[in-house]
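What follows is a short report on a single structure.
The values are calculated or read from the model by the stated rules, or taken from the named source; none is laboratory data. Values in this document were obtained by computation on a predicted structure and should not be read as measured data. Here Cβ is always computed from backbone atoms with ideal geometry, including for glycine, and neighbour counts include all displayed protein chains. Protein only, heavy atoms only, side chains kept; ligands, DNA and RNA dropped before computing areas. Shrake-Rupley method; radii C 1.70, N 1.55, O 1.52, S 1.80 Å.
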Amino acid sequence: MGKGVELQVSGVVQGVGFRPFVYRLARRYGYTGFVANTGAGVKIRIDQVDDSLEKFLKDIIMESPPLAQIDAIDRYGIYPADSGEFSILASSIPKKNSIIIPPDIALCSDCLRELFDPFDRRYLYPFINCTNCGPRFSIVEGLPYDRPLTSMRSFPMCPGCEAEYQDPASRRFHAQPNSCRQCGPSLSWLRSDSGRIDCLNPPAEAAVALAQGRLVAIRGVGGFHLAADGGSEEAVQKVRLAKSRKAKPLAVMFAGVESLKKYFYVNPEEERLLTSFRRPIILLRKKRDCSLAADLAPGLDEVGVMLPYAPVHYLLFACPEIPESLVMTSANLSGEPICYENRETLGRLADLVDFFLLHNREIVSPLDDSVVRIVSGKTRLIRRSRGYVPEPVNLELVFPDILACGGESKNTFCLVKKDKAFLSQHIGTLSNPGVFNRYQQNIRFLGSLFNVKPELVACDLHPDYQSSRYAGSLGLPLFRIQHHHAHAAAVMAEHHLTEESLAVIMDGAGLGPDNTIWGGEILLVNYAGYQRLAGLQTLPMPGGDLVARELYRMGFAAWWKSKTRDENINYPVPIQRIPEKNRDIFTQMITKGVNTPLTSSCGRLFDAVVSLLDLRQESDYEGQSGMELETLAYRALGGSPLTPGELSGSNLLPVSFDNTAVPAEIYITPMFRELLALQERGYGANTLALEFHIWLISSLSNMIGLIIKNTGHKPIILGGGCFQNTILLQGLEASLKARGFPVYSAKNLPANDGCIALGQAVIAGTLQQSSA
Ligand code: ZN
Ligand code: ZN
Ligand code: FE
């Protein structure tokens with residue numbers, strides 16, 4: 001008799017078809033024993049092993065199901081036994097454990113084949129799924145991940161589905177959302193003014209309505225989409241009106257890669273991600289002759305594109321009437337949280353859409369579509385939600401339970417359990433009461449799901465953020481973390497960096513401890529603290545927070561600060577246009593410091609440039625200036641990234657700084673003077689936008705070069721919302737790498753405020769441990 005062996009597999013191995021996979025593999029090897037879920041992962045017991053074990057272990061790793069992620073396989077010798085066969089034991093997981101729930105998974109190719117197979121019993125069934133695909137996190141009510149603790153509990157399985165669910169050889173063995181037309185959820189079709197319409201094929205009705213230019217609210221995996229014909233200017237206008245969203249880009253869905261290639265450039269990396277099980281929205285560059293509605297993304301050359309991921313999407317695109325592309329944008333009013341419940345949504349959207357395509361499988365956790373960009377072949381998350389959440393970030397240290405409340409806009413929060421950080425899905429901007437409610441609801445829900453009982457709380461230094469107020473109300477030890485320290489720590493945590501680093505944080509706005517608004521800083525950081533070594537020269541913000549919407553205020557401030565005395569009469573065009581009375585008021589505000597804080601924010605710098613180049617004077621959404629300037633610069637580049645040669649070469653705008661000041665200062669006023677002079681000499685907006693990017697990159701890179709002479713070599717962190725700008729990110733990365741510095745930037749977490757909760761959490765945890 002040989003030896004027995006027990007294997008403990010840890011990682012994402014539950015709810016992903018891992019046990020049936022092990023079952024089939026073990027039977028192939030002729031093993032007896034069992035496989036079972038445990039509180040820590042999966043346990044495999046093999047009664048007697050021979051030389052084949054090594055090969056078996058290799059096969060586990062090589063052939064494991066697509067969604068499984070194996071972190072480790074630990075091996076223990078045990079007494080041999082003889083169970084007679086290999087079997088799968090039922091879940092014996094203790095309630096409330098730290099098991100990881102997989103994210104929601106797009107329809108797999110096997111299920112897709114069955115969906116359109118007339119001889120399959122799930123032919124055209126809109127809720128087909130299997131062990132390898134289907135909803136996961138969005139339907140989970142509690143742990144262990146088992147049908148009674150999902151919203152599928154209200155659909156008892158029919159004998160056919162039950163047999164599949166119990167059969168280890170079936171593709172649907174323990175597929176928790178398993179169902180069929182007889183026993184599972186169903187679709188319904190409603191007119192917004194007259195209610196339910198009986199019909200045999202709701203997707204076919206929806207396709208016809210969409211082809212006629214109607215707006216349809218479609219309930220999907222994480223919530224409702226507002227759908228309309230993406231090729232029709234009129235339909236797109238209707239969507240904008242319904243959402244009261246003037247210019248913010250709208251995403252479109254295509255049937256497949258082939259049809260979207262007619263309109264967009266797609267590289268292999270983008271194609272891989274578009275078709276991956278995560279199915280995010282990916283920002284793709286339009287082809288010159290792209291005939292989609294121009295208003296999908298006004299002023300931009302990139303559009304958010306995605307492929308079908310729920311069966312109902314495939315059913316829609318299989319209808320002959322369906323438009324080639326569909327606008328598919330989260331159904332909500334501008335600023336409000338995504339709609340996800342039937343009753344509430346019917347109330348909120350009845351006056352705005354023509355039809356509803358509903359289903360009755362309850363969504364427990366609402367999730368927007370995730371948004372991703374591929375930069376230099378690497379994924380860059382912009383909005384992290386469906387398909388990614390709730391995958392944890394593994395931390396280098398074990399912490400007590402922590403709640404980090406995040407920022408104000410693009411909020412996410414973070415829960416820490418031991419060495420895992422769970423960053424929530426994108427929540428939104430908390431100043432909206434509906435979003436703030438959803439935020440509190442999600443904190444309670446995820447806290448109970450992951451059994452996190454916070455011993456400490458972290459929030460932003462800004463006392464007036466809703467998240468900071470909420471944190472203060474909890475009565476727990478509270479750590480207020482500077483916004484850009486948190487940005488840096490988030491990138492460090494993502495890359496598992498533990499040594500002191502230099503962080504270049506180019507961001508919108510965050511309160512500094514000196515009560516000015518930071519946002520263009522070079523910090524020396526570790527998790528326990530930071531030192532501000534350099535920053536962008538400050539500009540006054542006449543009107544405070546108003547400047548982010550009314551860009552001409554920043555334009556005026558930049559011009560006022562840069563002008564020489566005799567230029568008082570010689571106003572640039574955008575300044576001329578400001579009524580004289582207002583110019584006087586702004587001047588008074590700036591000189592007297594009335595409601596005019598100072599800011600080093602890089603986002604406000606982009607705003608000032610956009611205003612002075614007279615590209616736009618009002619902003620419709622956060623980040624618009626940066627995105628539009630990047631678009632113009634990209635046009636000037638003709639599509640190729642900046643080379644290190646171009647970056648170190650001559651540059652129309654003067655790079656200058658005060659290196660003796662503490663902190664050191666990157667001057668912006670000489671740049672503005674030259675920018676206005678070049679504009680007057682007839683330089684076009686594309687060239688000037690590009691020159692501004694090159695100026696910013698050179699300034700930062702040269703400053704880092706000087707700083708490193710004092711600090712010695714350090715890892716360099718790039719963080720903050722401005723690094724969503726591809727030209728800035730690629731250019732600065734290339735320039736710093738050419739100088740021989742190691743550079744780290746956000747990849748699987750957003751560079752924007754969607755990441756700061758993670759930074760807050762690791763900083764608070766570190767501070768608490770060092771004070772203990
Ligand atoms: Zn499947
Ligand atoms: Zn059934
Ligand atoms: Fe920020």
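Name the single residue, out of those in region 84-113 being open to solvent by 20 Å² or more (accessible area, probe 1.4 Å), of a type outside the set (A, V, I, L, M, F, W, C) and at pLDDT 85 or above, that is nearest to ligand 1 (Cβ to nearest atom). Step by step, filter region 84-113, then rank; the result is Asp110.
For region 182-193, name all the residues that are open to solvent by less than 30 Å² (accessible area, probe 1.4 Å) and either within 16 Å of ligand 1 (Cβ to nearest atom) or farther than 15 Å from Val353 by Cα (or both). Cys183, Gly184, Pro185, Leu187, Ser188, listed by residue number. None of Ala528, Ala534 is open to solvent by less than 40 Å² (accessible area, probe 1.4 Å) and among the aliphatic types (A, V, I, L, M) except Ala534. Restricting attention to region 427-436, the residues that are buried (at least 16 other Cβ atoms within 10 Å of the Cβ) and out of contact with any Pro (no Cβ under 6 Å at 6 or more places or on another chain) add up to 5.
When the residues of region 310-366 are narrowed to those that are small (Gly, Ala, Ser) and touching a helix residue (DSSP H, G or I) at 6+ places or on another chain (Cβ under 7 Å), which ends up surrounded by the fewest Cβ atoms within 10 Å (Cβ to Cβ)? Please lay out each step first, then the result.
Looking only at region 310-366, we keep the residues that are small (Gly, Ala, Ser), and these are 310, 318, 325, 330-331, 334-335, 347, 350, 365.
From what's left, touching a helix residue (DSSP H, G or I) at 6+ places or on another chain (Cβ under 7 Å): 331, 334, 365.
Working: Ala331: 29, Ser334: 14, Ser365: 28.
Only one residue fits best here, namely Ser334.
Pairing residues of region 587-615 that are open to solvent by 50 Å² or more (accessible area, probe 1.4 Å) with residues that are assigned to a loop (DSSP other than H, G, I, E, B), at Cβ distances under 6 Å and at least 6 apart in sequence or on separate chains, gives Leu598/Thr516; Leu598/Thr538. The listed residues are Ser648, Ser640, and the only one of them that is open to solvent by 50 Å² or more (accessible area, probe 1.4 Å), at pLDDT below 80 and farther than 23 Å from Ile522 by Cβ turns out to be Ser640.
Residue-by-condition table, conditions (1) surrounded by fewer than 24 Cβ atoms within 10 Å (Cβ to Cβ); (2) in contact (Cβ under 8 Å) with a residue 24 or more places away in the chain:
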{"site": "Cys180", "(1), (2)": "yes, yes"}
{"site": "Gly195", "(1), (2)": "yes, no"}
{"site": "Asp198", "(1), (2)": "yes, no"}
{"site": "Ala209", "(1), (2)": "yes, yes"}
{"site": "Val221", "(1), (2)": "no, yes"}
{"site": "Gly231", "(1), (2)": "yes, yes"}
{"site": "Val236", "(1), (2)": "yes, yes"}
{"site": "Ala255", "(1), (2)": "yes, yes"}
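Taken over region 392-408, the criterion of being closer than 19 Å to Gly472 by Cβ and open to solvent by 10 Å² or more (accessible area, probe 1.4 Å) is satisfied by Asp401, Glu408. Within region 185-199, the residues that satisfy the criterion of being farther than 17 Å from Pro311 by Cβ and out of contact with any Lys or Arg (no Cβ under 8 Å at 6 or more places or on another chain) are Arg191, Ser192, Asp193, Ser194, Gly195, Arg196, Asp198, Cys199.
Residue by residue, here is whether (1) open to solvent by 40 Å² or more (accessible area, probe 1.4 Å); (2) assigned to a loop (DSSP other than H, G, I, E, B); (3) modelled with pLDDT of 95 or more; (4) touching a Gly at 6+ places or on another chain (Cβ under 6 Å) holds:
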{"site": "Pro118", "(1), (2), (3), (4)": "yes, yes, yes, no"}
{"site": "Arg122", "(1), (2), (3), (4)": "no, yes, yes, no"}
{"site": "Tyr125", "(1), (2), (3), (4)": "no, yes, yes, no"}
{"site": "Ser138", "(1), (2), (3), (4)": "no, no, yes, yes"}
{"site": "Pro144", "(1), (2), (3), (4)": "no, yes, no, no"}
{"site": "Arg153", "(1), (2), (3), (4)": "yes, no, yes, no"}
{"site": "Pro156", "(1), (2), (3), (4)": "yes, yes, yes, no"}
{"site": "Glu162", "(1), (2), (3), (4)": "yes, no, yes, no"}
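Selection of region 185-244 for residues being aliphatic (A, V, I, L, M) and in a helix (DSSP H, G or I) yields Ala204, Ala206, Ala207, Val208, Ala209, Leu210, Ala211, Ala235, Val236, Val239, Leu241, Ala242. Annotation: Thr38 fulfils all but one of (1) within 24 Å of Asn178 (Cβ to Cβ); (2) hydroxyl-bearing (Ser, Thr, Tyr); (3) surrounded by 20 or more Cβ atoms within 10 Å (Cβ to Cβ); the unmet one is (3). Return the residue satisfying two criteria in turn: it lies in region 158-172 and is under 35 Å from the mean Cα position of the chain (by Cα) and free of Cβ contacts under 8 Å to residues at least 60 places away in the same chain, and of such residues it is nearest to ligand 3 (Cβ to nearest atom). Among residues in region 158-172 that are under 35 Å from the mean Cα position of the chain (by Cα) and free of Cβ contacts under 8 Å to residues at least 60 places away in the same chain, the one nearest to ligand 3 (Cβ to nearest atom) is Arg172. Within region 437-474, the residues that satisfy the criterion of being farther than 19 Å from Gly759 by Cα and either in a helix (DSSP H, G or I) or open to solvent by less than 30 Å² (accessible area, probe 1.4 Å) (or both) are Asn437, Arg438, Gln440, Gln441, Asn442, Arg444, Phe445, Ser448, Leu449, Phe450. Does Ser10 satisfy the criteria of being over 22 Å from Arg136 (Cβ atoms) and surrounded by fewer than 18 Cβ atoms within 10 Å (Cβ to Cβ)? So Ser10 fails the test.
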